[in-house]
1. If we only count helices (runs of 4 or more DSSP H) wholly inside segment 184-257, which ones have 2 or more residues that are aromatic (F, W, Y)?
2. Among residues belonging to segment 547-581 that are under 19 Å from S526 (Cα atoms) and within 32 Å of the chain's Cα centre (by Cα), point out the one that is surrounded by the fewest Cβ atoms within 10 Å (Cβ to Cβ).
3. Test of understanding: among S49, S70, S55, which residue is of a type in the set (S, T, N, Q) and in contact (Cβ under 8 Å) with a residue 40 or more places away in the chain?
4. Restricting attention to segment 198-247, and to residues there that are of a type in the set (V, I, T) and within 30 Å of the chain's Cα centre (by Cα), which single residue is surrounded by the most Cβ atoms within 10 Å (Cβ to Cβ)?
5. Any idea how many residues of segment 334-368 are crowded, with 19+ Cβ neighbours inside 10 Å and charged (D, E, K, R)?
6. Could you tell me whether any residue of segment 292-304 is buried (at least 16 other Cβ atoms within 10 Å of the Cβ), in the same structural domain as K250 (by TED's automatic domain parsing), outside any loop (DSSP other than H, G, I, E, B) and touching an Asp or Glu at 6+ places or on another chain (Cβ under 8 Å)?
7. From V283, V329, which residue is of a type in the set (A, V, I, L, M), more than 25 Å from the chain's Cα centre (by Cα) and surrounded by 18 or more Cβ atoms within 10 Å (Cβ to Cβ)?
8. Applying the selection to segment 534-546, what residues are of a type in the set (V, I, T) and surrounded by fewer than 18 Cβ atoms within 10 Å (Cβ to Cβ)?
Amino acid sequence: MKDLKFPELIRANNELGVSLQSKDKVRITVLANITVNQLKPVLEFSLRSEGLNASVEIADYDNILQESTSLDNKEIPIIFWELCNLTENFVYEIETFSESQISQFVEKTQNELLLLFDNLKTSSLVFFNKFSHRFYTHSTLIPNAYELFTDSLNEFLQKKAPSNFILVDSDKIFEIKSFLPCFDVRNYYSTKSLYTIDFFKEYCFFILPAILSAFSRSKKAIILDCDNTLWKGIVGEDGWENIALSEKNKDGIFYKQVHLILKSLGKRGIILGLCSKNNPQDVEEVFRKRKDMVLSYDDFIIKVVNWNDKASNLETIAKKLNIGIDSLVFVDDSPFEINLVNERLPMIKTLKVPQKLYDYPALLMDNLSLFFTRATTEEDFQRARMYREEIQRDELKSNFQNIDDYLASLDIEVALANKEIEVLERVTQLTQKTNQFNLTTKRYLPGEILNMYNAEDFDVINLSVSDKYGSSGLTGVCIIHYRQNLAEIDSFLLSCRILGRNVENVFLREVVKTIHERGYNKISASYKKTAKNVQVEDFYDRNCFTVVNATDTEKNYAADSQQFLTEIFPISYIKVVWKKK
């Protein structure tokens, strides 16, 4: 996108819009007190290039508060509230104001911000650009009145902005691009168009990960080669003692910094894996004998070390982890391997180790946004442990010929709760990230889930699973919408890592039981086909729901709660516990 001229970008954006018109729209509305019309095609193109059918609307100029009252809570607002345009000459006038006058402006702006926060409190996601004074103050040694005014309002934003607001630090964009390429002073005076096309391109690139995350497009795993990727050298030729991976060896410091970055990703719940053409025993020996290595062998959840081609091995890794192949990031030093993966698996993001090793840590830092998540939950912190426990379960399975005997040996317990406010972020995260066992694949954000929590006509049931090996954490969500005499199962989803234990069947029975206890007999549900959820296409069919109508991409169902509970029996080896509010 950054290399496209504006007319080329507009043409490409229109072509993408036509190709994506059958997909659900992602609606974004820009509220601004400056002219930002050029943002529309740039932002649409950014999102459409990622497969999202984006539709961007620019609201009326300098009418932020009033426009904010009429937005649908599923729209994503982006707010450009520029202090330089509070009055015609505000940047310069404020230097002549008395302290009393400045205080009045501070109070007025804070009150307007509070109104905006209230108007948008039910929006699913809001981007608000933090106030910036850099263009006007970057050469001043001592803070002036405009800088102090701006800083005080940013402090207010940090303290008072609701949780559904993401505060965008545009100063970082100015630092990347430098000031002059970002600002169009001549057009600002004539049309109030403050920013350049180059700024809008960088701005869209900056906020893109947060929007993609909201629609389950963040990466989940980073898979690395070993030789000349995790360390410098070839362990099979140089030996474990001579490869460089810390400050003890030449160039090792760069690898140590890479290890520290990877360690922090693992701590956040990003899956670390190895995909290397090597002898497994040689790789293990490095981790066992090099005491100066930051990473341990156990930090890597999955290791595929053999002499097969890496594209096939990456497919194996995705299958074993039970995540989409497009959830992987692959790092390698070999142009051949990178090109092979790009050709065969273009949905995988690849990163090539730079020839100048001092650029290697920066390469990873520049791509951390691929793993963007708004909040890190307890399940994220525990993910490595959970995957290791799943490996133990698979090993135990081989000791049993009968799957029911195996499942009974696990001592499975499911714990359920309705509208549990403490886990709202995790519930939101599951709706955004779950793809394979997700009947409708509806994506929700914290504000929307909170609205359901507060509404009488919704139940939001979450499910946690544990067994003798440990807890898998909160791994299931069902959203029920009650409409007059009908209960609609709006969303029914479970994390892929707990599938194969009949938990999904127990969960559905408890959902139907909840509906029945609320006095509803009629139930409606639906399955909406995606590229990733084909495995649950017949889930409702297998559980005594009746097909009402069907197309190639959608099936709608009905069920009677009393009949269901009569026909679908509890599973004896799974204990069910409901948490009390």
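The values are calculated or read from the model by the stated rules, or taken from the named source; none is laboratory data. What you are looking at is a predicted structure, and each value in this text was computed from that prediction instead of being measured. Because the Cβ atoms are built from the backbone with ideal geometry, glycine has one as well, and the counts that use them run over all protein chains shown.
1. Where helices (runs of 4 or more DSSP H) fall fully within segment 184-257 and carry at least 2 residues being aromatic (F, W, Y), they are 185-191, 197-214.
2. Applying the filter and picking the extreme gives D552.
3. So the residue among S49, S70, S55 that is of a type in the set (S, T, N, Q) and in contact (Cβ under 8 Å) with a residue 40 or more places away in the chain is S49.
4. Ranking the candidates gives I223 first.
5. The number of residues fulfilling the criteria is 1.
6. Among the residues of segment 292-304, not one is buried (at least 16 other Cβ atoms within 10 Å of the Cβ), in the same structural domain as K250 (by TED's automatic domain parsing), outside any loop (DSSP other than H, G, I, E, B) and touching an Asp or Glu at 6+ places or on another chain (Cβ under 8 Å), which makes the answer no.
7. Only one candidate passes the filter, namely V283.
8. Listed by number, the residues that qualify are V534, T546.
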